[in-house]
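The values are calculated or read from the model by the stated rules, or taken from the named source; none is laboratory data. These numbers were taken from a predicted model, which means no experiment stands behind them. Glycine gets a Cβ as well: all are built from the backbone with ideal geometry, and neighbour counts include every protein chain shown.
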Amino acid sequence: MIKQILKVLPEGPIMTEEIPEPVKGKEAFDRVEAPRGELFYYMRSNGTNMPERVRIRTPSVANNHSVPVMLLGYTVADAPLIFASIDPCIACTDRVEVVNVKDGSVKVVTMEDLARRRMVL
């Protein structure tokens, strides 16, 4: 396969020192299949060397939404195995939702909150 690729590889330098100027108002997105599922990237340029907007959705974020349905009909003892079956990456999830079962209140806790230990519920 490598030999086939080398036959169609264009001539020229492998690396370039020329970095193209950022283009204002352009946006791009891409999806790739990662080991845990779909990995999504979105980026929008504002004409500077810093993007105006960047969004990355990791597979764990999408997979986490399926957990409540997966848990239906099972016991609490089954929950760790069911949750582990989607091979979650906790570091890939930038926020969690904590539900107080006593009063139904919901608190979104970000990674920043966790880092600063601001988990006031």
Checklist line | Positions within the range 8-26 being at pLDDT below 90 and not in a loop (DSSP other than H, G, I, E, B), in sequence order | finding: LYS24, GLY25, LYS26
Next item on the list: Kindly list, by first and then second residue, each pair from a residue in the range 100-112 that is farther than 19 Å from ILE90 by Cβ to a residue that is among the hydrophobic types (A, V, I, L, M, F, W, C), limited to pairs with Cβ atoms under 6 Å and residues at least 6 apart or on different chains.
Entry: VAL106/VAL99
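Quick one: which of VAL54, VAL61, VAL69 is assigned to a helix (DSSP H, G or I), surrounded by 10 or more Cβ atoms within 10 Å (Cβ to Cβ) and free of Cβ contacts under 8 Å to residues at least 60 places away in the same chain?
VAL61
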Item checked: Residue within the range 27-44 that is over 18 Å from the mean Cα position of the chain (by Cα) and assigned to a loop (DSSP other than H, G, I, E, B) present -> no
Item checked: Selection count, the range 97-108, where residues are closer than 17 Å to VAL67 by Cβ and not in a loop (DSSP other than H, G, I, E, B) -> 5
Next item on the list: For ALA91, state whether it is loosely packed, with under 10 Cβ neighbours inside 10 Å, touching a helix residue (DSSP H, G or I) at 6+ places or on another chain (Cβ under 9 Å) and either closer than 27 Å to ASP113 by Cβ or among the hydrophobic types (A, V, I, L, M, F, W, C) (or both).
Entry: yes
Margin query: What's the number of the only condition in (1) modelled with pLDDT of 85 or more; (2) touching a Leu at 6+ places or on another chain (Cβ under 9 Å) that ASN100 fails to meet?
Written below: (1)
Margin query: Give me the residue from the range 72-86 that is among the hydrophobic types (A, V, I, L, M, F, W, C) and outside any helix (DSSP H, G or I) and, out of that set, modelled with the lowest pLDDT.
Written below: ILE86
Check: Looking at (1) more than 16 Å from ASP94 (Cα to Cα); (2) at pLDDT below 85; (3) not acidic (Asp, Glu), can you tell me which one ALA34 breaks?
Finding: (2)
